[in-house]
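Trainee: Can you keep this structure in mind? I'll have questions shortly.
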Amino acid sequence: MLTEPAVRLNEMADRIGSSVQVEAGVLSIDLSAVIANYRFVQMKAPAARIGAVVKADAYGLGARTIAPALAGAGCRDFFVAHLAEALELVSGLPESARLYVLNGLAPGMEGLCAQAGIFPVLNTLEQARHWQRQAAEIGQKLPAVLQLDTGMSRLGLGVNDLETLLRQPGFLDWVDLRVVMSHLACADMPDAPANADQAKRFAEMAIRVPGAQRSLANSAAAMGMSDHAGDLVRSGLVLYGIDPLPGPTKGLRPAIALSARVIQIRTVPAGVGVGYDHDYVTPSPRRLATLSVGYADGWPRALGGKGAVWLNGVSLPLVGRVSMDTCTADVTEISAESIEPGDMVELIGQHQSVSDLATLLDTAPHAVLTGLGKRFERRFTGQAQ
Ligand SMILES: *Cc1c(COP(=O)(O)O)cnc(C)c1O
């Protein structure tokens, strides 16, 4: 989020025709790649409708821009986690678009949700009853998605709750169950037996809700197990160009790049401590660059001593701890003339993907991406058509 003075500075920079980098760095998002990836998922699951998961501000990339761009490419189904996220997006999407709230509704939010025409995912008997009551109150049948727990023990109704709900007087008169959904616990491991177990349980439960469309697959399942794609895919990661499987998946287009600025460069002799706690001590004379990115930007502190950044195709190892607003790269390997303060180095891009970082950190790519903070300027490129 830009402060007022920063906004004015950017406007000033625009007027004089130069670009002043006022943020920690630049997170650029190629909208034509996002759209190409949307079409790529469609090709992988030709019988299904491809929905876009744009929760958490489209994984931190900017849902207010990405969701309308995808709508322009024909996407009509958008998943978010919270009602507040849906309300943010509703005005930017065409009338025919559907917004689904994955976490369902907190009690008392039903009126607002119905009024805005947003579809809640009903995860519990209680959520389902509240939605039925809302419909009866306004005298209008309301659409919803019903989530079934097929073996993740996270959200949704089990077999007994489903039977209870279907027997509940008036429920199907007031609630139009458009979609039944479930989520796979092990989709990123296509060979795990749990996938077939969950798919089987899903089929057995979904048949109890005739007329509802079926939604089981996230990105990994759509790419790795397209026979489980069902009627409606919920794809997040893959739209943003990140391979949900060990990969590499041919045909997927990288969509994001992240860079940060060099603030200062110094040459130090051997035996000098670098950064907090002198976690790193130079083994020989080194040239070091301090970069304007730290853990408060979502550049993980755990990268200290094991990550790298890139410049001109050369890997520059991170040394010492990652600080809140800075980190230090060893730039000894590149000539002194080829780097200076103000240069931008690559954190994510051609040489280092979000998945590479996730592997290095033993975490999920989703966690790396959603961690990237508000201090980066989001710069959209490519044609949204
Ligand atoms: C976040 C989420 C998705 C999207 O997952 P990706 O791995 O990003 O494709 C799909 N379904 C549910 C229920 C989710 O919570």
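Trainee: Tell me the mean residue ellipticity at 222 nm calculated for the chain from its helices only (DSSP H runs of n ≥ 4, each -39500 (n - 2.57), averaged over every residue, nearest 500). Display every interim value, and only then the final one.
Mentor: Values: 13 runs with 119 residues, N = 385.
Counting only the DSSP helices, I get -9000 deg cm²/dmol.
Trainee: Based on the Kirkwood radius over alpha-carbon pairs, what value in µm²/s does the Stokes-Einstein equation return for the translational diffusion coefficient of the chain at 20 °C and 1.002 mPa s? The partial results should precede the final answer.
Mentor: Numbers: Rh = 22.8 Å.
D = 94 µm²/s.
Trainee: Once you charge only the Cβ atoms, +1 for Lys and Arg and -1 for Asp and Glu, what is the size of the charge dipole of the chain about its Cα centre, to the nearest 20 debye? Could you put the intermediate results ahead of the total?
Mentor: Numbers: 33 positive and 38 negative charges, 102 e Å.
Computed about the Cα centre, the dipole is about 500 debye.
Trainee: Trypsin sites (Lys or Arg not before Pro), restricted to the stretch 140-218: which are DSSP loop and have at most 15 other Cβ atoms within 10 Å? Write down the numbers at each step before the final one.
Mentor: Values: sites: Lys141, Arg154, Arg167, Arg178, Lys200, Arg201, Arg208, Arg214; in loops: Lys141, Arg154, Arg208.
Answer in residue order: Lys141, Arg154, Arg208.
Trainee: Go ahead and run the numbers for FRET between Val90 and Asp362, Cβ-Cβ distance against an R0 of 35 Å, rounding to 0.05.
Mentor: The computed FRET efficiency comes out at 0.40.
Trainee: Just going by the charge dipole of the chain, with Lys and Arg at +1 and Asp and Glu at -1 on Cβ, which of Val268, Ala36, Thr332 is farthest out on the positive end?
Mentor: Ala36
Trainee: Continuing with the same structure: Describe numerically, in nm with one decimal, the distance between label points set 7 Å from Cα along Cα→Cβ at Glu337 and at Leu172.
Mentor: About 7.9 nm separates the two model spin labels.
Trainee: So, one more: Nearest 5 percent is fine: what portion of the DSSP beta bridges confined to the chain is antiparallel? Intermediate results must be reported in sequence, preceding the final value.
Mentor: Values: 27 of 57 bridges.
Within the chain, antiparallel bridges account for around 45 percent of the total.
Trainee: So if R0 is 35 Å, what FRET efficiency would Arg301 and Ala196 give, r being the distance between their Cβ atoms, rounded to the nearest 0.05? Working shown, then result.
Mentor: On the way: r = 39 Å, r/R0 = 1.12.
Efficiency at R0 = 35 Å is approximately 0.35.
Trainee: Further, regarding this structure: With each pseudo-label sitting 7 Å past Cα toward Cβ, what's the Thr249-Arg39 distance in nm, one decimal?
Mentor: Going from the Thr249 label point to the Arg39 one covers 1.7 nm.
Trainee: Of the chain, which part is the longest with no GluC sites (Glu not before Pro) in a loop (DSSP not H, G, I, E, B) and with at most 16 other C-beta atoms within 10 angstrom? Don't skip to the end; give the middle numbers.
Mentor: Working: sites that count: Glu95, Glu333.
For GluC sites (Glu not before Pro) (loop position, at most 16 other Cβ atoms within 10 Å), the longest site-free span of the chain is 96-332.
Trainee: Give me the percent of the accessible area of the stretch 200-328 that comes from carbon and sulfur atoms, probe 1.4 Å, all protein chains in place.
Mentor: Numbers: 2910 of 5590 Å².
Reported share for carbon and sulfur atoms: 52 percent.
Trainee: What does the C-alpha gyration tensor say about the overall shape of the stretch 256-352? Classify as rounded when a/c is under 1.5, otherwise prolate if a/b is larger than b/c, or oblate. Walk me through the numbers on the way to the answer.
Mentor: On the way: a/c = 1.72, a/b = 1.16, b/c = 1.48.
Judged from the Cα gyration tensor, the stretch 256-352 comes out oblate (a/c at least 1.5, b/c at or above a/b).
Trainee: Turning to a different aspect of this structure: Over the chain, average the accessible area per residue using a 1.4 Å probe and give it in Å², no decimals.
Mentor: Working: 17470 Å² over 385 residues.
Result: 45 Å² per residue.
The values are calculated or read from the model by the stated rules, or taken from the named source; none is laboratory data. This is a predicted model, so every value here is computed, not measured. For neighbour counting, all protein chains shown are included, and Cβ atoms are generated from backbone atoms with ideal geometry for every residue, glycine included. The area values use the complete protein model at the heavy-atom level, side chains included, leaving out ligands, DNA and RNA. Shrake-Rupley method; radii C 1.70, N 1.55, O 1.52, S 1.80 Å.
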